[in-house]
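Just dropping this structure here.
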Amino acid sequence: MAAAAPGTLGSLQAGRARLVAACCARLGPGWRLPGSWTSPRMTWARGWVPAAGGAAPQRSYSPEVKTEDELRVRYLEEENRGIVVLGINRAYAKNSFSKNLVKMLSKAVDALKSDKKVRTIIVRSEVPGIFCAGADLKERVKMNSSEVGAFVSKLRSVINEIANLPVPTIAAIDGLALGGGLELALACDIRVAASSAKMGLVETKLAIIPGGGGTQRLPRAIGMSLAKELIFSARVLDGQEAKAVGLISHVLEQNQEGDAAYRKALDLAREFLPQGPVAMRVAKLAINQGMEVDLVTGLAIEEACYAQTILTKDRLEGLLAFKEKRSPRYKGE
């Protein structure tokens, strides 16, 4: 194999350096590359007040739900402190994406991404048998072409914001997840579903294509050939089929309450809670960014991300807790 020309190698190295620098920049002010980094410094905004609290939500399925109740944000307490649940609650429209729901979701995500107390986010439905049926087609038929384009662009942006949240995200799919609903789930780090759930990118049935990231995230999740097959056919999978192709990580038999996937998501979130908060954030960033580049650049990103943990108080606390044979008390510092 011929060696790369010096200029070419220099350009490649410079490009990798820019990618790693961009990776660090996403961690916020104060994060530096190895060799120039200083003590990590992060600034946070206070999270907005949830609509309801407690670890055992009371569901409401009334068709008269007010628009401000279409998305419920709950900060769980006690042993679940640090877990936030985003619950979609548009029963009368099968949890489909309306302009109002997209606006509310954007507002919630904007608050969550800078809230230091948030450790894991679960996206679920408050409506039995439905996760999210995609776009609100009754609203869509009233839009002109320019309005449709603007709406899809906004929805794509919100789904991207969810994908870029710094903490672990889990989609709990206890029912129908079609079109934009599956795209929402694909933006989450982990997906769990009930065996009775139905999932698919069905847009080609309407002579359109997935517009919320589905053509990009589905191939990355299950491979290009199978993703093409599912999108071309608009096929809908059940939970067992979705698990078999790697679309979801866990499949559960549905329970009488209709929340088997949510309960599994809670179990997973509880497993994440004891870990170092800064480590969780940079681990997610290293994985996400590294998967988009070649291995050499990915390893440089990993090195840069690892460096951000070295001077943290949490790292010293972890070593001290190990020495004293006790559970660590991490503060995200």
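The values are calculated or read from the model by the stated rules, or taken from the named source; none is laboratory data. A quick note: this is a predicted structure, and the numbers were derived from the prediction, not measured. Cβ sites come from the backbone with ideal geometry, for glycine too, and all protein chains shown count toward neighbours. Each accessible area value is taken on the protein alone, full model and side chains, heavy atoms only, with ligands, DNA and RNA left out. Shrake-Rupley method; radii C 1.70, N 1.55, O 1.52, S 1.80 Å.
Residue-wise, which Karplus ³J(HN,Hα) couplings in Hz belong to segment 77-92, taking 6.51 cos²θ - 1.76 cosθ + 1.60, θ = phi - 60°, and x for glycine or proline?
Once θ is set to phi - 60°, the couplings for segment 77-92 become 10, 6, 5, 9, 4, x, 8, 10, 10, 9, x, 7, 9, 10, 4, 5 Hz.
Related question: Hey, how many Å between the Cα centroid of segment 181-209 and the Cα centroid of segment 102-116?
Computed from Cα coordinates, the inter-centre distance equals 22 Å.
I want to check the label-to-label distance for K142 and L320. Put each point 7 Å from Cα in the C-beta direction and report it in nm to one decimal.
With each label point 7 Å from Cα toward Cβ, the separation is 5.9 nm.
Which entries of K142/K205; K243/K264; K103/K228; K243/K284 have Cα-Cα distances beyond 26 Å here?
With Cα atoms farther than 26 Å apart: K103/K228.
Percent of accessible area on segment 111-150 owned by carbon and sulfur, 1.4 Å probe?
56 percent
Further, regarding this structure: How big is the C-alpha Rg of segment 88-194 next to the rule-of-thumb value 2.2 N^0.38 Å, as a ratio?
1.04
Would you tell me the accessible area of R263, worked out with a 1.4 angstrom probe on the heavy atoms of the protein chains, in Å² to the nearest 10?
For R263, solvent-accessible area is about 110 Å².
So how much slack lies between V296 and K117, counting 0.36 nm per residue of separation and subtracting their Cα-Cα distance, in nm? Please report the intermediate quantities before stating the final value.
Details: separation 179, 0.36 × 179 = 64.44 nm, distance 3.41 nm.
This chain segment gains 61.0 nm when fully extended.
Separate question: Using amide H atoms built in the peptide plane, which far-off residues or other-chain residues are under 5 Å from S96 H to H?
Amide H to amide H, under 5 Å and 5 or more residues apart or across chains, S96 pairs with A133.
Put Y306, Y92, Y262 in order of accessible area, largest first, 1.4 Å probe: what do you get?
So the residues, ranked largest to smallest area, are Y306, Y92, Y262.
From the phi angles alone, apply the Karplus equation (6.51, -1.76, 1.60; θ = phi - 60°) to segment 307-315 and give each ³J(HN,Hα) in whole Hz, x where the residue is Gly or Pro.
Values per residue, Gly and Pro as x: 4, 5, 8, 5, 8, 7, 5, 4, 4 Hz.
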